[in-house]
1. Considering only the stretch A:6-51, state which residues are within 14 Å of chain B (Cβ to nearest Cβ) and either free of Cβ contacts under 8 Å to residues at least 24 places away in the same chain or of a type in the set (D, E, K, R) (or both).
2. Residues B:124, B:103, B:149, B:95: which one is more than 23 Å from residue A:169 (Cα to Cα), of a type in the set (Ser, Thr, Tyr) and within 20 Å of the chain's Cα centre (by Cα)?
3. What residue, among those in the stretch A:2-51 that are surrounded by fewer than 19 Cβ atoms within 10 Å (Cβ to Cβ) and of a type in the set (S, T, N, Q), is farthest from the chain's Cα centre (by Cα)?
4. Quick one: is residue A:78 assigned to a loop (DSSP other than H, G, I, E, B) and within 14 Å of chain B (Cβ to nearest Cβ)?
5. How do the pairs read when you match residues in the stretch B:149-175 that are touching a residue at least 40 places away in the same chain (Cβ under 8 Å) with residues anywhere that are of a type in the set (Lys, Arg), using Cβ under 9 Å and keeping only pairs 6 or more apart or on different chains?
6. Mind listing whichever residues of the stretch B:121-145 are in a loop (DSSP other than H, G, I, E, B) and either modelled with pLDDT of 95 or more or surrounded by 23 or more Cβ atoms within 10 Å (Cβ to Cβ) (or both)?
7. Tell me the residue from B:115, B:24, B:106 that is hydrophobic (A, V, I, L, M, F, W, C), surrounded by fewer than 18 Cβ atoms within 10 Å (Cβ to Cβ) and in a loop (DSSP other than H, G, I, E, B), please.
8. Could you tell me which residue of the stretch A:103-118 is nearest to residue A:9 (Cα to Cα), considering only residues that are in contact with a Pro (Cβ under 8 Å, 6 or more places away or on another chain) and in contact (Cβ under 8 Å) with a residue 24 or more places away in the chain?
Amino acid sequence: MVTSVKLETPLDEKTINKLKIGDRVLLSGIVYTARDQAHSRLVDELEKARRENRQPDLPFSLEGQVIYYVGPAPTRPGMIIGPAGPTTSCRMDPYTPILLERGLKATIGKGRRGKDVIEAMKKYKAVYFVAVGGAAVLISKKIRRAEIVAYEDLGPEAIYRLDVEEFPLFVANDIYGNDLFDEAISKYRKVT
Amino acid sequence: MREIACEKVARAVENLCISSNCHLSEDVRGALRENLEKEESPLGKEVLKQILENARLAEKEKLPICQDTGFAVVFVEMGQEVRITGGDLYQAINSGVINGYRSGYLRKSVVGDPLQRKNTGNNSPSWVHVDIVPGNRLKISVMPKGAGSENMSVVSMLSPSEGVQGIKKFVLAWVRERGVNACPPLVVGVGIGGTFEGVAKLAKKALLRPIGSRNPEPFYAEMEYELLKEINNLGLGPQGLGGSTTALAVHIEIYPCHIASLPLAVNLQCHAVRHATTVL
């Protein structure tokens with residue numbers, strides 16, 4: 001039996017510090033969605049603001065927040081949101097360290113993260129959760145409310161604010177530099 | 001000649017887009033259940049349970065299994081005694097895709113230009129493979145292919161001297177490196193032989209085979225069996241979170257090739273093994 005830790009967003013440092021790879025988490029509260037093109041726009045604005053020496057104009061504050069890498073299917077009438085499972089996280093790797101530097105505390109996706117992101121998570125004290133890729137209908141049932149907050153022109157790639165209830169996740173990278181994929185795969189490998 | 005109207009083709013494709021996306025076939029569910037029993041890792045078991053529960057919910061509510069409802073790959077086997085009437089076969093297929101993705105509330109995941117990347121808004125165009133075969137039937141298979149696993153696929157031109165061992169070594173190394181991001185448990189489609197472009201199609205067609213089927217040639221059936229065992233010894237497990245269920249099946253398709261060539265393609269398929277077929 002796998003036991004679960006219940007967490008509420010936004011995530012503070014004390015909560016983050018306790019999380020270890022392999023922990024099962026049920027996450028509740030607000031998370032923001034973003035994938036390829038939304039990340040590109042967020043990071044473009046951050047870099048532009050830095051060059052122009054001004055505060056960035058972002059659709060949401062990154063401080064303590066959680067980004068979920070997802071592009072939901074269209075919402076059928078009468079439903080809150082369409083199926084909404086995680087997309088492959090490594091495509092967001094080039095953008096992630098700058099967002100972590102700005103206070104982002106967790107990301108949710110599927111698959112491995114690159115070395116630079118793992119290092120940045122150690123440095124800025126953030127974690128990476130994985131959801132089950134392809135469990136899109138099951139996950140959509142954990143979403144209580146969904147609204148588009150930016151980039152509506154991007155269709156499935158728009159930024160949504162989601163209110164989730166007990167979203168089932170696993171901690172894949174903690175703030176100590178551990179990697180669940182490395183550890184778990186070597187444990188079950190039967191060849192050298 | 002037997003006449004088949006374009007409208008009929010479009011309606012068939014529309015239905016196939018929806019049914020393939022919302023229904024996980026029994027061979028896949030059976031393989032998932034069987035592996036749930038055998039899986040050694042507690043996290044792996046939890047992942048497999050979520051995948052099965054998700055398929056049940058999708059079926060019950062007629063929703064797509066995965067939000068990535070894919071690029072529509074369409075395989076057509078057209079009897080040489082069939083004549084398509086009332087328009088263009090390719091247009092008919094694309095209008096079926098457009099209607100299916102709209103009425104089925106499926107995600108539109110196609111950009112019209114690979115670098116300028118503006119969404120076409122209707123999931124067209126599809127990629128259509130047509131094979132002319134004897135007879136007067138039209139067999140259509142729709143395979144919505146998600147990018148997570150498609151991005152983790154490869155073509156490699158091996159040297160004939162590398163032989164069986166070279167093929168196995170390449171496939172194993174590829175799955176070890178790229179399998180995690182392709183949403184395991186996987187179906188591993190392997191094409192061997194033919195030409196550079198042909199081998200990729202062999203690997204993709206291998207994914208249409210039902211789980212549990214074997215290559216009719218015992219030599220390749222044995223290779224499928226051995227590769228599956230070795231892939232599951234890699235330890236990747238469901239979603240790459242460790243375990244003994246990395247793949248549900250390995251399907252090999254072959255074709256004759258040049259004396260100097262040994263083309264190899266590996267097309268990875270995520271656990272949402274989606275395809276549907278109809279015969280007109």
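The values are calculated or read from the model by the stated rules, or taken from the named source; none is laboratory data. None of these values were measured; they are calculated from a predicted model. Glycine gets a Cβ as well: all are built from the backbone with ideal geometry, and neighbour counts include every protein chain shown.
1. Matches in the stretch A:6-51: A:20, A:23, A:24, A:35, A:36, A:41.
2. Of B:124, B:103, B:149, B:95, the one residue that is more than 23 Å from residue A:169 (Cα to Cα), of a type in the set (Ser, Thr, Tyr) and within 20 Å of the chain's Cα centre (by Cα) is B:124.
3. Residue satisfying both the conditions and the ranking: A:3.
4. In short, yes.
5. Once the first residue is touching a residue at least 40 places away in the same chain (Cβ under 8 Å) and sits in the stretch B:149-175, its partners that are of a type in the set (Lys, Arg) give B:152/B:178; B:153/B:178; B:153/B:204; B:154/B:178; B:162/B:169.
6. Of everything in the stretch B:121-145, those that are in a loop (DSSP other than H, G, I, E, B) and either modelled with pLDDT of 95 or more or surrounded by 23 or more Cβ atoms within 10 Å (Cβ to Cβ) (or both) turn out to be B:122, B:123, B:124, B:125, B:126, B:134, B:135, B:136, B:137.
7. B:115
8. The qualifying residue nearest to residue A:9 (Cα to Cα) is A:105.
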